[in-house]
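The values are calculated or read from the model by the stated rules, or taken from the named source; none is laboratory data. No experiment lies behind these values; they were computed from the predicted model shown. No Cβ is skipped: glycine too gets one built from the backbone with ideal geometry, and neighbour counts run over all protein chains shown. What goes into the accessible areas is simple: the full protein's heavy atoms, side chains included, and nothing from ligands, DNA or RNA. Shrake-Rupley method; radii C 1.70, N 1.55, O 1.52, S 1.80 Å.
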Amino acid sequence: MYVLKQNLILLMFSLFILTGCKENNKDSKTTFSKSETNILKVQDKFSYANLENVSMKGKVGDELSKVIDKRIASNFAATEIAAEATKAFEIRMDDQFHEGRGLWQGEFWGKWILSAIAAYRYSGDENIKQTIKRETERLIATQDENGYIGSYKNSAYVEGDVWNVWNRKYTLWGLVEAYELLKDPNILKAAQGMMDQLMTEVGPDKVQIVDTGNFYGLPSSSILTPLVKLYVETGEVKYLDFAEYIVANWESEPGNPPAIVEKGLTGVPVHEWFPEKGKWTKAYEFISCVEGLVDLYQVANKPEYLKASKNIYKAIQENERVITGGIGYHDKLVGASNEPAGLNEPCDVVYWERLSAKLLALTGDQSYADEIERLTYNVLIGSFNLQGDWGVRRLGLNEPHLVSPLHAFTNYHQCCVANVPRGMLQLGQVAVMPSKTNNEVLVNLYIPGSYEVDLANGKPITLEIFTEYPKNGDVSIKLETKKEFEGKLSFRRPEWSKEFHVIINGQEKDFVIDDENNVSVSKTWRNGDDIKIIIDVSSRIIGISKNEKYKALMWGPVVLARSSILEGKESLDTPLFFTNDVQLSLLPNDKKSDKVWLEFSGKTEDGKSFKVCDYASTGREYEKPTDPTAWQEMIKNRVTTDQRVWLQTNK
């Protein structure tokens, strides 16, 4: 049965290569567009908000503005950071630095372009758009006659300790989204050419994708998302077929990883799928593959893809997601949820956010937004330094963070530093989301700002959110609409909330909790409607099942920590006595440390005073490294401050 399945895949793939690639890659044309054909067989229930119509304020907005300025919008970012990313394709040195090993300079062009596109849509800064255009044209100028665009001199060097196909994933992704923004057909033509060329090196009767690169082909296989996007843009069935080949190839070696669909359908925790979990369960790339599987579900309409993805999501949530929203341990899925030790890679969290957002849009289930909120206030806003120009590669729960080194002999790039800006910008897409089929709007995140979305009837509405949440639970929302409408607003009730009130125009409203766990109010909505949400934000104690001597403290969605910013390092492990209850007082701005966002004072059950702050404020005082030649020695560099999320108690 297995041999027959592989032969059928080989025959199918050979046919579409013969018919789809016989013309010169440079002459390939787009045969379909999204407006001309209904390629998506399964539509999202809700749409992402257009970043052009979003403005985030408060803590999230302030941190985002710093990062956009330093990493994307400034003249330095345009002339140095972006330009260096493109240079990797002009010099093609990723396979020349080390014998028997390939590097990943080639991932940074796509990552920077993707963040820049989102930043341009959000800010409207035309200088960003011009940089995107210039660097995209520079990249396309490096394309070979056979279609290859890459940072390796030897395009076929795809096996072993290399990141060749992985790099091309981000290049393809960046090109497709650059085409969506700039509408230049030459960009889409270049994207098709590079993908067609890759399919002459990897695939049936060639190097199998699970044999490329590291971790049983997970990094290479995560090309699924941009591949599906290319299929949606072009309508070329050969790209859909190659996506199906990737998924089939996961199951090509019985008893070996990754087997994502087969194992995902069982619901078994990922770290239990195969022996030697640390050798294959690379969290970042694995979650990216699952995101691609959901994308493929929407064009192939194979229910098993969605079922496997949802099962995997639940398994990661229960077994790998730690208290802050971090995933796994040291970028591996190892059953990390029940351990007090924690080192979390921001890249893993950005892709957990992406997968959460995708399932939120697809299903309308606002519980996925609980995950996004958690990682927002504990990981995303804590992943960059105070200046907003550099970030960490690991966030420690009970140990100092690891500062990002300069990666792959570059002067300005590292994977987490490149990914986090896009994760922060995605918050604007999911905070408020309109239904595609009826006049319903989801209010998922209570980030202050302005959010304009189009109802299913095409009419725009704007929600202005005013709040200091999560400092407190008082949220005011003003509705702006040119015409009244019958519809439904659904407000996310946080998973930890015991009391939740909706007051409209001064009258408390009864609400309905629907099948997607949404708190919904249906009425005739009018311009100026005043909505107040009251959420019981307070302190609570979190335990850990495998070690009762450790407890953690949270304030709403915010994880709290003892920090050397507030006390000496030597006292961080002094036990505190509390069991089921703790009273915390939020200090006003003139009483708290100016180095933290939120600071609390508290007392233990035996009367001992202590202080904690928001976890995201810990470990943000560090500078960007300057020596690209020392990047491999710098991977152990830590911030100077220390913190404890899991607190030792006297129990």
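Projected onto the charge dipole of the stretch 210-288 (+1 at Lys/Arg Cβ, -1 at Asp/Glu Cβ, origin at the Cα centre), which of GLY213, ILE246, THR234 gives the Cα projection farthest towards the positive end? Final value for the positive-end residue is GLY213. Put a plus charge on the Cβ of each Lys and Arg, a minus charge on the Cβ of each Asp and Glu, and nothing anywhere else: the dipole of the chain about its Cα centre is then about 500 debye. The accessible area of VAL237, taken with all protein chains in place and a 1.4 Å probe, comes to roughly 80 Å².
One chain, two ends: GLU90 and GLN632. Fully extended at 0.36 nm per residue, the span grows by 192.8 nm beyond their Cα-Cα distance.
The stretch 273-288 and the stretch 365-435 have Cα centres lying 21 Å from one another.
Within the straight-line cut-off of under 18 Å between alpha carbons, the aspartates and glutamates reachable from LYS608 are GLU567, GLU570, ASP573, ASP581, GLU599, sequence neighbours fewer than 8 places apart in one chain being disregarded.
In summary, the lysines within cross-link reach of LYS183, defined as a Cα separation below 22 angstrom excluding same-chain residues under 8 places away, comprise LYS26, LYS29, LYS34, LYS111, LYS129, LYS133, LYS169, LYS229. Each other residue within a Cβ distance under 14 Å of LEU265 adds +1 if Lys or Arg and -1 if Asp or Glu, for a net charge of +2.
Ligands, DNA and RNA aside, SER522 has an accessible area near 90 Å² when probed at 1.4 Å. Here's the picture: charge each Lys and Arg Cβ at +1 and each Asp and Glu Cβ at -1 in the chain, and of LEU406, GLY364, TRP280 the one pushed furthest to the positive end of that dipole is GLY364. The stretch 615-651 and the stretch 41-109 have Cα centres spaced 23 Å apart. Just how far, in whole angstrom, is the stretch 504-555 from the stretch 123-167 if you go by their alpha carbon centroids? About 45 Å separates the Cα centre of the stretch 123-167 from the one of the stretch 504-555. Fully extending the segment from SER571 to LYS482 would add 26.2 nm, taking 0.36 nm per residue of separation and subtracting the current Cα-Cα distance. Looking at the stretch 169-241, the trypsin sites (Lys or Arg not before Pro) that sit in a DSSP loop and have at most 10 other Cβ atoms within 10 Å of their own Cβ are LYS183.
Measuring against 20 Å, Cα to Cα, the residue pairs LYS41/LYS358; LYS59/LYS436; LYS358/LYS498; LYS569/LYS595; LYS87/LYS238 contain LYS59/LYS436; LYS358/LYS498; LYS87/LYS238 as the ones spanning a longer distance.
In the calculated pair-distance distribution of the chain, the portion above 35 angstrom amounts to 41 percent of the Cα-Cα pairs. Subtracting the Cα-Cα distance of GLU499 and GLU468 from their residue separation scaled by 0.36 nm leaves 9.4 nm. Net charge in the neighbourhood of MET93 (other residues with Cβ under 15 Å of its Cβ; Lys, Arg +1, Asp, Glu -1) is -2.
Each Cα pair under 8 Å and six or more residues apart adds its separation to the average, and for the chain the resulting relative contact order is 14 percent. Ligands, DNA and RNA aside, PHE466 has an accessible area near 120 Å² when probed at 1.4 Å. Surface composition of the stretch 100-161: carbon plus sulfur atoms contribute 47% of the solvent-accessible area (1.4 Å probe, protein chains only, all chains present).
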